There are 2 protein chains.
Amino acid sequence: MVDTPVFLPVGSQGTVKTLIPEELKDIGIQMILANTYHLYLRPGTAVVEKMGGLHKFMAWDRAILTDSGGYQVFSLAPLRRVSNNGVIFRSHIDGSQHLITPELAIQFQEALGADVIMVLDECPAHDDSFEVVRRATERTHRWAERCQKAQRRNDQALYAIVQGGAFSQLRRQSAECLTSLGFAGYAIGGLSIGEPKRVTLDITEETAALLPEDKPRYLMGVGSPEDIIESIARGIDIFDSALPTRVARNGAIFTWQGRHNIRNAAYTQREEPVDPDCNCYTCRTFSAAYLHHLFNCNELLAYRLATIHNLNFMHNLMSKARTAILSGTFSSFKDSFLAGYKTTDEQARLEQKQKRLKSREPG
Amino acid sequence: MVDTPVFLPVGSQGTVKTLIPEELKDIGIQMILANTYHLYLRPGTAVVEKMGGLHKFMAWDRAILTDSGGYQVFSLAPLRRVSNNGVIFRSHIDGSQHLITPELAIQFQEALGADVIMVLDECPAHDDSFEVVRRATERTHRWAERCQKAQRRNDQALYAIVQGGAFSQLRRQSAECLTSLGFAGYAIGGLSIGEPKRVTLDITEETAALLPEDKPRYLMGVGSPEDIIESIARGIDIFDSALPTRVARNGAIFTWQGRHNIRNAAYTQREEPVDPDCNCYTCRTFSAAYLHHLFNCNELLAYRLATIHNLNFMHNLMSKARTAILSGTFSSFKDSFLAGYKTTDEQARLEQKQKRLKSREPG
């Protein structure tokens, strides 16, 4: 049981970077995401299975969702060759060659043992042509069906992934095809991969409207506070993104007014917490001056304290959204949040995103 | 009130790397060491004072000892010029020029507000000539007296530092001179800086015997389990060293049988904890396989979990030593510990030490 809308912190390699499970629980986190691609390469899905499964391995007894590895193969692996059978790719770690098929994606995820698992999908680039996206989408449908058939465990919810790029027609076909196959939940993939924010939101809105109301709708990889709130308004229940934890390690601290950079010299002598209204461990315990000092010295504790703060912010944001939905005031909550929250400049955001995609940095 | 013998984890920059105060308390840590040199350079002792002092700044309400900065000036600063007045040195961070005198060392430490503060001393190299060491020792005595006179706060215990290198005659003169001045405690400085272990232990034994029985005796910078146990046998009460936390971040895990390297492939599929007999959070919660995986992936959580384990080991070691002393069985405890604990090869140890001293790595 997980309350929605929910934001899943990313624990790519079986650890939400810098944190122990108890810290995630203290914040109130109910569910996290782990990456099959990363765990398949290290330590290996068979090792995790032998150690008792991912929950036991990382000492996390709440919900876990694993992605299929598809997105990482398409974004991280330096070389890949797609066929109808599956994808042959090279590891971004040591260049070794590997094969992933829909059947193997399910096998790996059954070995890991997450609560929610994902179909293998083909994720085209945001600027691929209609024809390329169409072929990838159709292949994604065939793979989804094969994943369904490959499933052996009956204690894992299998979610399908709608593809179709920025093409409304393809998104519609994808949603119709996958819902007709019948899955426990539906994800929207292939967004937030470099396209303008307007496109992300429009396609999210169109696609979400085509997905069953009684099944979870999951927008993959969307993670800025403003995008999440906009997407909740468009019917999304589940989000995951490495953004809040990644930017935390760069010193970007979420507040209700927007992101602040704790490395800024203005914090050198600030005795108040980073966010005086915040209830997280970091803000309850330390001054902004201390956190600034830790970042200034590149102390490892800095990354941890900032991560706690940002995940706590995301959790509070989702709680507030949920409360507003239940009380029928989501629309005004959304307006007031967006009015107060200064977002990152769109041009700068896109440039950062492209740079990160090009660098093939994980998480 | 601090139980002795005690080992002080090092929090050079106002943080025991990777840990929060609650984790140190959970282990049972009663006292830590912070470096005046580092805090003077960043964020500045005046900033720490303005933020309410070091205890508040780092949210640590138990005991703190600050060193005077002397040792770091002699080991880290790329350039220094010593005169009777004090030391002019360049920062290892930005090359900026600074002056430290006995009076300033006290002023900085009063601003930080630790419970125990140290005199400024001149620390010669382990292979300096008798004449060089003699001059440094005599200067250390004059500086100790000036530190005493410079003290304004009456709520901080000031400890003197015995110097004299490996020269018994100088050590005796130093101990006699400093005890005649009368301090709250006495440290033995200028050891564990590259000399053979036999020399460290012999000089420790000789010097400790010359220091008052009713005052704490503090052996600076000694931190391997075997050296600590040998030094307790020679009358030492207080230890500090970055070794247990530094080697933890390299994957060296203390056990009662000696150090184990968790990066070793033998741990890939080990379902038991790193040390099945250990009561620390890491061993209670995770398999050796998980810790191995985190190190293998360079995950930040690895450093934290290994640090918890090694500090817990040090704390247990000191508790056992204390219990043995109280029950009059220390000698057999020592023999049985040393018989079971495989120490690092002496030649390898010296080479590592020299390398680290040359690289001027902090902590």
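Checking the conditions here, which among B:282, B:344, B:323, B:307 is in a loop (DSSP other than H, G, I, E, B) and not basic (Lys, Arg)?
B:344
Determine whether the range A:84-98 contains at least one residue that is in a helix (DSSP H, G or I) and in contact (Cβ under 8 Å) with a residue 40 or more places away in the chain.
no
Within the range B:246-264, is even one residue on the phi < 0 side of the Ramachandran plot, of a type in the set (A, V, I, L, M) and assigned to a strand (DSSP E or B)?
Looking through the range B:246-264, at least one residue is on the phi < 0 side of the Ramachandran plot, of a type in the set (A, V, I, L, M) and assigned to a strand (DSSP E or B).
Which residue, of B:33, B:24, B:19, B:65, is assigned to a loop (DSSP other than H, G, I, E, B) and either more than 9 Å from chain A (Cβ to nearest Cβ) or more than 14 Å from the chain's Cα centre (by Cα) (or both)?
After ruling out the rest, the residue left standing is B:19.
Quick one: in the range B:102-151, of everything that is without any contact (Cβ under 8 Å) to a residue 12 or more places away in the chain and of a type outside the set (D, E, K, R), which residue is surrounded by the most Cβ atoms within 10 Å (Cβ to Cβ)?
Only one residue tops the list, namely B:132.
Quick one: residue A:76 ticks every box in (1) surrounded by fewer than 19 Cβ atoms within 10 Å (Cβ to Cβ); (2) under 17 Å from the mean Cα position of the chain (by Cα) except a single one, so which number is it?
Unmet condition: (1).
Tally up the residues in the range B:48-62 that are more than 9 Å from every other protein chain (Cβ to nearest Cβ), touching a residue at least 60 places away in the same chain (Cβ under 8 Å) and outside any loop (DSSP other than H, G, I, E, B), please.
Total satisfying the criteria: 2.
Can you pull out every residue in the range A:160-206 that is in a loop (DSSP other than H, G, I, E, B), modelled with pLDDT of 95 or more, of a type in the set (A, V, I, L, M) and buried (at least 18 other Cβ atoms within 10 Å of the Cβ)?
Matches in the range A:160-206: A:166, A:191.
For the range B:252-308, what are the residues that are touching a Pro at 6+ places or on another chain (Cβ under 6 Å) and within 20 Å of residue B:9 (Cβ to Cβ)?
Across the range B:252-308, the qualifying residue is only B:283.
One residue is enough: does the range A:235-245 have a residue meeting the conditions on the phi > 0 side of the Ramachandran plot, assigned to a loop (DSSP other than H, G, I, E, B) and surrounded by fewer than 19 Cβ atoms within 10 Å (Cβ to Cβ)?
The answer is yes, given that some residue of the range A:235-245 is on the phi > 0 side of the Ramachandran plot, assigned to a loop (DSSP other than H, G, I, E, B) and surrounded by fewer than 19 Cβ atoms within 10 Å (Cβ to Cβ).
Is it the case, given these coordinates, that residue B:45 is hydroxyl-bearing (Ser, Thr, Tyr) and in contact with a strand residue (DSSP E or B) (Cβ under 9 Å, 6 or more places away or on another chain)?
The answer is no for residue B:45.
Taking the range B:94-126 as the region of interest, how many residues are in contact with a Lys or Arg (Cβ under 7 Å, 6 or more places away or on another chain) and β-branched (Val, Ile, Thr)?
Of the residues in the range B:94-126, 0 are in contact with a Lys or Arg (Cβ under 7 Å, 6 or more places away or on another chain) and β-branched (Val, Ile, Thr).
Among what's in the range A:283-331 and is within 13 Å of chain B (Cβ to nearest Cβ) and among the polar types (S, T, N, Q), pick the residue that is surrounded by the fewest Cβ atoms within 10 Å (Cβ to Cβ).
Only one residue tops the list, namely A:298.
Within the range B:258-281, how many residues turn out to be closer than 24 Å to residue B:26 by Cα, under 29 Å from the mean Cα position of the chain (by Cα) and more than 9 Å from every other protein chain (Cβ to nearest Cβ)?
Residues that pass the stated criteria total 12.
The values are calculated or read from the model by the stated rules, or taken from the named source; none is laboratory data. A quick note: this is a predicted structure, and the numbers were derived from the prediction, not measured. Positions of Cβ are backbone-derived with ideal geometry, glycine not excepted, and every protein chain shown enters the neighbour counts.
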